[in-house]
Amino acid sequence: MRPSDRLCAALDFAAWREAEPFARAVAPAVGMLKVGLELFAAEGPAAVRAAAALGLPVFLDLKLHDIPNTVAGAARSAAGSGASLLTVHAGGGPRMVEAAVKAAGDRLRVLAVTVLTSLDEPQLARVGLAGPVEAAVVRLARLAVEAGAGGLVCSPLEVAAVRAAVGPRPLLVVPGVRPAGADRGDQSRVATPAEAVRAGADVLVLGRPLRDAPDPAAAARAIAATL
C-alpha cells in the first residue's frame, strides 16, 4: 500500500457544489473520499455517486444507531449507493451490527464506531459508558467484530490496543489525526498521522487539515511523506 492510499479526505461541506472543487483537487493525493452527515443530509445518495465518479472508494460515514430492522434497511440502501464503507455505532449492540452486515452483503464493508474521538474520560462517565476510554473501546471493538463487522473506527490512542484485541483482519479507520503542531479543534484524543500508522491504523481520516489548507493536495502529499 502506498502511503497516500492510507489517506481518506473528508468532504465536510454543506453542498456538493462546495465539495466538488476540493474533492477534485485532493483526489490524486489520497486513497479514499468520505461523505459524512453534513453532505449526505444535504444531497443524499447523489453525493456518494458524484464522489465515486472521481474514481476513488467512498466511505459513507453515517454512524447508524437504531433498532436492527431500521439499520438493516439503511445499510441495504447504502449498498446500492456506490459507497464502499459504511459506519454504524457499535453501541447499538451485536444484533444491530449483525443486521447491518447481513443487509450490506458483499458490496459494502460495515465499520463499527467504538467511542467518538470528541469524548474524553469525564464525558464518557457522564454518558454512563464504563471506562476508562481504552477499555470501553476494546470492549466495543470485540463486540462488533464478533457480530461480523469488517472494520472499526477508533481514535489513534486506542489503535494498538484494538489491533491486539481483534487481530490483523479488521480494517482500522482512524479519525482524530493531526499533523504535528496543528489545532486539535473539537477532538480530544489525537495523535499525528505517523504515530497512528505505527500503532496499526490502516486508514487515516483527514478533515480540517486538508479542507482548510491553501493547497489540499500538497497538504495530503506532505502528510503521506511522514508515513
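Derivation of every value follows stated rules applied to the coordinates shown; laboratory data play no part. This one's a predicted model, so the numbers in the text were calculated from it and none came from an experiment. Positions of Cβ are generated from backbone atoms using ideal geometry, with glycine treated the same way; all protein chains shown enter the neighbour counts.
Within the stretch 144-172, which residues are among the hydrophobic types (A, V, I, L, M, F, W, C), buried (at least 19 other Cβ atoms within 10 Å of the Cβ) and under 17 Å from the mean Cα position of the chain (by Cα)? Show your work before the answer.
Narrowing the stretch 144-172 to residues among the hydrophobic types (A, V, I, L, M, F, W, C): 144-145, 147, 149, 152-154, 157, 159-162, 164-166, 171-172.
Filter once more, so that each one left must be buried (at least 19 other Cβ atoms within 10 Å of the Cβ): 144-145, 147, 149, 152-154, 157, 159, 162, 166, 172.
Result: ALA144, VAL145, ALA149, LEU152, VAL153, CYS154, LEU157, VAL159, VAL162, LEU172.
Listed here are the residues, each with its yes/no results for (1) hydroxyl-bearing (Ser, Thr, Tyr); (2) within 17 Å of the chain's Cα centre (by Cα); (3) closer than 18 Å to ALA90 by Cα.
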site	(1), (2), (3)
LEU37	no, yes, yes
GLU43	no, no, no
ALA50	no, no, no
GLY73	no, no, yes
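Taking only the stretch 84-114 into account, find how many residues are under 18 Å from the mean Cα position of the chain (by Cα), surrounded by fewer than 22 Cβ atoms within 10 Å (Cβ to Cβ) and not in a helix (DSSP H, G or I).
Within the stretch 84-114, the first condition is being under 18 Å from the mean Cα position of the chain (by Cα), and the residues that meet it are 84-92, 97, 100-101, 104, 107-114.
Filter once more, so that each one left must be surrounded by fewer than 22 Cβ atoms within 10 Å (Cβ to Cβ): 84, 91, 107, 109.
Still in the running and not in a helix (DSSP H, G or I): 84, 107, 109.
Number of matching residues: 3.
Somewhere in the stretch 90-107, is a residue touching a Lys or Arg at 6+ places or on another chain (Cβ under 8 Å) and of a type in the set (Val, Ile, Thr)?
no
Inspect the stretch 47-68 for any residue being touching a Gly at 6+ places or on another chain (Cβ under 7 Å) and assigned to a strand (DSSP E or B) and give the result as yes or no.
Yes, that holds for at least one residue.
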